[in-house]
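Heads up: the structure comes next, in structure tokens.
What follows is calculated from the coordinates using simple rules that are stated; it is not laboratory data. On a predicted model such as this, the values are computed, not experimentally measured, just so you know. Glycine gets a Cβ as well: all are built from the backbone with ideal geometry, and neighbour counts include every protein chain shown.
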Amino acid sequence: MAEYKLTTPLTDEDVEKLKAGDIVYLSGVMYTARDAAHKRIVDLILNGEEPPFDLKGAVIYYVGPTPPKPGEPIGSAGPTTSYRMDPYAPILIEHGLKGMIGKGKRNQAVKESCKKHKAVYFGATGGAAALIAKAIKKAEIIAYPELGPEAVRRIEVEDFPVVVINDVYGNDLYEEGRKLWEQK
């Protein structure tokens with residue numbers, strides 16, 4: 001396992017060097033979106049319309065943050081369970097998405113899309129929402145404000161800590177970790 005510091009937007013070269021289990025500190029711009037926003041974004045794409053942000057090289061963080069305290073850019077911002085985005089992720093990956101951040105397993109279609117189109121799924125630590133929020137330096141709603149916490153936000157991050165769960169080679173940290181545990 002290696003450690004990397006990467007800046008968004010991510011490139012093919014960035015994600016090709018990552019392997020399941022690697023620790024990555026992301027800096028730059030990311031976007032927040034959960035299932036309701038994902039459905040709307042995919043509907044736009046399927047209707048030949050532009051999504052609310054450029055997907056090329058983008059990273060989406062699956063989060064519905066709490067309201068910020070005065071003077072803070074965002075409230076508590078822990079990852080949400082990723083499988084709810086599985087029906088939409090392959091289309092977004094096909095259109096340039098390079099990274100997704102959440103918690104929990106992904107389905108085979110998402111893993112295959114990551115391999116085919118060179119994207120990665122990162123895990124963020126559940127239960128560390130307040131700590132994760134400290135890596136978010138700026139946040140603004142850019143689409144679907146009526147969704148409240150699930151609105152799409154453009155966030156600026158500095159050394160946002162994640163672990164590679166699914167890489168471009170088809171590796172899955174959850175499966176590999178279980179195999180190692182069963183061998184012991």
TODO: Pick out, from PRO145, CYS114, ILE165, the residue whose Cα sits farthest towards the positive end of the charge dipole of the chain, with +1 on the Cβ of Lys and Arg and -1 on the Cβ of Asp and Glu.
DONE: ILE165
Open item on the list: Quick check: convex hull of the Cα atoms in the range 64-168, volume per residue, rounded to a whole Å³?
Closed with: 102 Å³
Open item on the list: Of all beta bridges DSSP finds with both residues in the range 3-183, what is the antiparallel percent, to the nearest 5?
Closed with: 55 percent
- [ ] With +1 on each Lys and Arg Cβ and -1 on each Asp and Glu Cβ, and nothing else charged, work out how big the dipole of the range 3-183 is about its Cα centre, in Debye to the nearest 20.
- [x] 320 debye
Task: Low-density loop cleavage sites - GluC sites (Glu not before Pro) in the range 1-52, where at most 16 other Cβ are within 10 Å (DSSP) - done: GLU49
Task: Dipole of the chain [Lys/Arg +1, Asp/Glu -1 at C-beta], most positive-end residue of THR32, GLY78, HIS95 - done: GLY78
Open item on the list: Only Cα pairs within less than 10 Å get springs; with that Gaussian network setup on the chain, which residue of LYS138, LYS19, LYS118 has the largest fluctuation?
Closed with: LYS138
Open item on the list: Step by step: find N for the chain, compute 2.2 N^0.38 Å, then divide the Cα radius of gyration by it. What's the final number?
Closed with: 0.97
